Every structure is written in C-alpha cells, then in structure tokens.
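Below is one structure, written out as structure tokens; the observations come after it.
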C-alpha cells in the first residue's frame, strides 16, 4: 500500500527559487506541507542518503527569529519522547532553515481528512497525549500547540497551552463551521476568528453542547494563578473518567485510522 500524503502542492513566490539548488548542499524541496504563524514547512529529500525529511523556512526579515529559538529547544530536548529529531539549522538565501525528522500528517491535516470534526473518543485520546507535555513544561519549555485552534503566536506559559488545548477540544468536537459561528467577525483567517472567539466566549458558552467535564476543565485552567503549576494528572484523570463513563477505550484507534483502514473501500471495476 502506498503511503497517503496530506500535502499542498502550491509554490509561493518567496520560496520558488529554492527549488533550483539544494539547501545546505543536500536538501531538495519536494512539496509544501503547510504554513504556520511564522514559517513554511516543506517535504524535502536528502540527496546524500535518499531519505525524506521536513524543512521549516523562516524569512530573514522577521526580526525575532522564532525558528532559531525552536531549533535550540529541539536540540535541548532530543531525548524527549514524541518530538522529531532535528538535523540541521542554518541560513540559505533569504531564509533561516531547520531540517528535522519527517513525521506523519498534522492534526490540522487529519481534522480536514475526517470532515472537519472528530469523535469524542478521538478528541479524548488526543487530549491525553497532549497533556503529556508536562514533561516539557517541567524542563521550562512551554510548547506552542500546533493546532487549528491555537490562535496566537506570542510567548506561552503552561497555563496558556492548557487553555489552547481546551479551545482545540471544542473546535474538534463542535466542528469548524460551528466554531466559526462563535466569532462575530467575517474575517476568515483562523487566528483572527479564534482570538475573537476567545475574547467573547465564556467556558460555559463554549462548552454548553459538550460534556460538563470540558467546561469544568476550562474554568479550572483559567483559575490557575500566573506562574502557577498546572495539575496535569488531575486533568488527565478528569478526561479518563469521562471516557469510562462514555464507554470510550484508549486503544489508539482514531477516526482517521477507521477511515483509512477499516471503512469499506469502493469495489474495483
């Protein structure tokens, strides 16, 4: 079976010339995978060992280099479970570039693949894994959640990350269309929509159609004092109790797993 990719084939004018010659003498761009708040990620190939990897590019005009800071953190956390291995960081033409291990599709990709909505089971399993970021917080690095609902790229504390997780949970369970309706602006850019929603929506309003545990979680997170230590295990325990109540098993069978491998395929003609 061929691996299924979730990629964008568009080439922006700023990086078009980078396709012409290898980066760092050996990395060749193949396809654009996605774009975040401060960088563009590409699928690339190492022409020396013929292996695929990912490259993140940040234009040099950005005064404060988020990518350089990210590269230092990846280097510091190479022993952390669940993080890709960083291979190289350097300058190429007008870009700062970081080369790192190619993992699977992002949550944004998988969310779109599943019709812009996740089941309660999939959402709870994702939340359980994300709450393991306490490992990184314990080493003084707050992880910026790379999700459709993170919404902001400022420096984040553990409390900020946990609040972002709460909005991401609601985003996954309610669906993209329902979440967009919570924002008053007609502007469709995700960051603007999410930030307006955050300012205008209380935990009770946001979670009124969801199990009560999610509103409780959001309120508990908002009650964490600045600089306070989050109770990660309490949050995981809360969600695991909800899973048991709803008959959900954490078996790592996600919505995309079912769609990709278990749903009946059309008969071949």
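Could you tell me whether any residue of region 118-136 is within 26 Å of residue 252 (Cβ to Cβ), assigned to a loop (DSSP other than H, G, I, E, B) and either in the same structural domain as residue 246 (by TED's automatic domain parsing) or modelled with pLDDT under 90 (or both)? Looking for residues that are within 26 Å of residue 252 (Cβ to Cβ), assigned to a loop (DSSP other than H, G, I, E, B) and either in the same structural domain as residue 246 (by TED's automatic domain parsing) or modelled with pLDDT under 90 (or both), one finds at least one in region 118-136, hence yes.
Out of the residues in region 88-101 that are crowded, with 17+ Cβ neighbours inside 10 Å and free of Cβ contacts under 8 Å to residues at least 60 places away in the same chain, state the one that is nearest to the chain's Cα centre (by Cα).
The residue in question is 100.
What is the one condition in (1) surrounded by 14 or more Cβ atoms within 10 Å (Cβ to Cβ); (2) modelled with pLDDT under 95 that residue 188 does not satisfy? Going through (1) surrounded by 14 or more Cβ atoms within 10 Å (Cβ to Cβ); (2) modelled with pLDDT under 95 one by one, residue 188 breaks only (1).
Screening residue 255 with (1) at pLDDT 95 or above; (2) surrounded by fewer than 14 Cβ atoms within 10 Å (Cβ to Cβ); (3) within 25 Å of residue 115 (Cα to Cα) gives one miss only, at (2).
The values are calculated or read from the model by the stated rules, or taken from the named source; none is laboratory data. Given the structure is predicted, the values throughout are model-derived calculations rather than measurements. Heads up, the Cβs are rebuilt from the backbone with ideal geometry, glycines too, and the neighbour counts pull from every protein chain shown.
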